[in-house]
Structures are given as C-alpha cells and as structure tokens.
Amino acid sequence: MNFMTEREQMIRNYLDAYNRLEVDAMICDFDDDIVFENMEAGEITMSLSGLAAFKQQAEIAKTYFSERTQRIKSVKHLEHEIEIEVDYHAILAKDFPNGLTRGEELTLQGKSIFTFAGNKITRLRDMI
C-alpha cells in the first residue's frame, strides 16, 4: 500500500469509528499534539490542542446524537494533506438551545482537511 493510500485509509478508519460513535477508535491514528479546528462560514468556532482535549470533546459531542453519519463525496490529495468533501446526516439525541429538538434530523455538507506527519494525523479542520 502506498503512502497516500495508507493516509486515505486512516481517514476512512476515523470516519467509520465516528459513525459508530467509538471515540477511542476515532483517535487511534492521531498524533498526541493533534490540533482540531471547527469552522462555520469561514470563522473558527472551536479550536482544540492535544489528544486529551480532542477526546474529551468527542466524548461530549457523541451524546448530542442518537446516530450520525459522514459519507465521503470526494477526496483530494495534496502534499501533506488530504481534503475530503462529506455529506453529514445526524439525528439529535437531545434538545438544543438554538431551537433544534430531540429526534430532529440534521443534514449538512462540508469538508475536512487532514494534515499528516509521518504515519499520524497532526491536524484536522472541519468546515461547513
């Protein structure tokens, strides 16, 4: 398996674990110093540094949904990054302050950019 294929497989493993709500499996290919950023409309809405911070947030976030699925629409290989476009679907597990209610379906399209150093993911940027 070549380097790019291995990296793409790491992303697919992350998404499979994400869809199963299995945090430990999600982070198995993350560097200890992972940087995570969530962006909406070009603005950073969350920024985390370190594996412990990412894991803590991922454990909290999984309680928001009774199910969630990210499906890859496209993959673009760059020198040290892989960019994926995704379709996102979720069913909310609780009511939210913004008016979304438990059982409501959430459907979005976005992209994620994974940055690599060696055989680890060092940065993840999610954008909608």
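Each residue in segment 99-115 was checked for being among the charged types (D, E, K, R), part of a strand (DSSP E or B) and either in contact (Cβ under 8 Å) with a residue 60 or more places away in the chain or farther than 30 Å from Glu79 by Cβ (or both), and 1 pass.
A single member of Phe114, Phe54 is at pLDDT 95 or above, within 13 Å of Arg7 (Cα to Cα), under 15 Å from the mean Cα position of the chain (by Cα) and of a type outside the set (Val, Ile, Thr), and it is Phe114.
Return the residues of segment 74-93 that are part of a strand (DSSP E or B) and not charged (D, E, K, R); say none if nothing qualifies. Across segment 74-93, the qualifying residues are Ser74, Val75, His77, Ile82, Ile84, Val86, Tyr88, His89, Ala90, Ile91, Leu92.
Of the residues making up segment 60-73, one or more are polar (S, T, N, Q), in a strand (DSSP E or B) and over 15 Å from the mean Cα position of the chain (by Cα). Residue count for segment 6-46 under the criterion of being polar (S, T, N, Q) and assigned to a helix (DSSP H, G or I): the result is 3. Of all residues in segment 1-23, those satisfying the criterion of being in contact (Cβ under 8 Å) with a residue 12 or more places away in the chain and of a type in the set (Asp, Glu) are Glu6, Glu8.
Can you confirm whether Met26 is modelled with pLDDT under 95 and closer than 18 Å to Ile113 by Cα? Considered against the rule, which asks whether it is modelled with pLDDT under 95 and closer than 18 Å to Ile113 by Cα, Met26 comes out as no. Within segment 35-52, can one find any residue that is more than 16 Å from Tyr14 (Cα to Cα), without any contact (Cβ under 8 Å) to a residue 60 or more places away in the chain and surrounded by 14 or more Cβ atoms within 10 Å (Cβ to Cβ)? Looking for residues that are more than 16 Å from Tyr14 (Cα to Cα), without any contact (Cβ under 8 Å) to a residue 60 or more places away in the chain and surrounded by 14 or more Cβ atoms within 10 Å (Cβ to Cβ), one finds at least one in segment 35-52, hence yes. Considering only segment 4-18, I want to know if a residue exists there that is closer than 18 Å to Ile128 by Cβ, polar (S, T, N, Q) and modelled with pLDDT of 95 or more. No, there is no match, as no residue in segment 4-18 is closer than 18 Å to Ile128 by Cβ, polar (S, T, N, Q) and modelled with pLDDT of 95 or more.
Do we have Phe96 as part of a loop (DSSP other than H, G, I, E, B) and not polar (S, T, N, Q) here? Criteria met by Phe96. Residues in segment 101-128 that are of a type in the set (S, T, N, Q), more than 15 Å from Asp29 (Cα to Cα) and touching a Leu at 6+ places or on another chain (Cβ under 9 Å): 2 in all.
The values are calculated or read from the model by the stated rules, or taken from the named source; none is laboratory data. Note that the structure is predicted; figures quoted are calculated from it, not measured. Counting neighbours? That spans all protein chains shown, and the Cβs are built from the backbone with ideal geometry, glycine included.
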